1. Among the residues of the range 113-135, which ones are out of contact with any helix residue (DSSP H, G or I) (no Cβ under 9 Å at 6 or more places or on another chain) and either in contact (Cβ under 8 Å) with a residue 24 or more places away in the chain or assigned to a strand (DSSP E or B) (or both)?
2. Cβ-Cβ below 8 Å, separation at least six or inter-chain, first residue in the range 1-29 and of a type in the set (Asp, Glu), second surrounded by fewer than 17 Cβ atoms within 10 Å (Cβ to Cβ) and modelled with pLDDT of 80 or more: which pairs?
3. Within the range 7-22, which residues are touching a Lys or Arg at 6+ places or on another chain (Cβ under 9 Å), of a type outside the set (S, T, N, Q) and either part of a strand (DSSP E or B) or surrounded by 19 or more Cβ atoms within 10 Å (Cβ to Cβ) (or both)?
4. If I go through the range 114-137 residue by residue, how many of them are surrounded by fewer than 19 Cβ atoms within 10 Å (Cβ to Cβ), at pLDDT 95 or above and out of contact with any Lys or Arg (no Cβ under 9 Å at 6 or more places or on another chain)?
5. I need the full set of residues from the range 102-112 which are crowded, with 16+ Cβ neighbours inside 10 Å and modelled with pLDDT under 95, in order please.
6. Which ranges mark the strands (runs of 3 or more DSSP E) fully within the range 23-101 that have 2 or more residues being closer than 22 Å to CYS119 by Cβ and at pLDDT below 90?
Amino acid sequence: MLQDQPTDYPPLAPVLSVADARKALDCYSAAFGAVELYHLVDPATGRWAHLEIRLTDGPLLLLEEEAPPTATLSGIPPMRPKVRLCLFVANTDALTARCVAAGMEVLQAPKTHFHGHRCALLRDPDGHEWMVSQPVERVSPSEMQVRWDERWAQTSPGSSNSKKE
């Protein structure tokens, strides 16, 4: 039975970018005895866009890769990081400001998301991506999926409420 409660995260959790979350789950289950905690389905594509599994005593988060990156002016496609570090903190805004002062680049400014976390995405000078995440509301996976579906319905092309974020 999959969990339908928010995950209790450690202070730092790896986030792996994978081509196919279902195949990754099969592999990690067979190799390491990983257990699925829950997954969220992208309403636009039906793919598992977010999957959380448990390895031993901690979660591992997997995100399916999106469409291939487009070529840059040089003709070389940009590289996506395969590992993103997710740091769970008490104050996303304050830490984001500290990171900027330390020379990090803000890729996504702090924002509170449908899943109940206030997150920012930063890149350090060596190119590593850091997600800074502050839990502000405990949301069950089933409620996350409802919120995501509703958000998608409001912003999808052709929707009467279509708006850009």
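The values are calculated or read from the model by the stated rules, or taken from the named source; none is laboratory data. The structure presented is a predicted model; accordingly, all values stated were derived computationally and were not measured. For neighbour counting, all protein chains shown are included, and Cβ atoms are generated from backbone atoms with ideal geometry for every residue, glycine included.
1. Result: LEU121, ARG123, GLY127, HIS128, GLU129, MET131, PRO135.
2. From residues that are of a type in the set (Asp, Glu), the pairs are ASP4/SER140; ASP4/SER142.
3. Across the range 7-22, the qualifying residues are PRO14, VAL15, LEU16, VAL18, ALA21.
4. Total satisfying the criteria: 1.
5. Residue satisfying the conditions is MET104 alone.
6. 48-55, 58-64, 83-88
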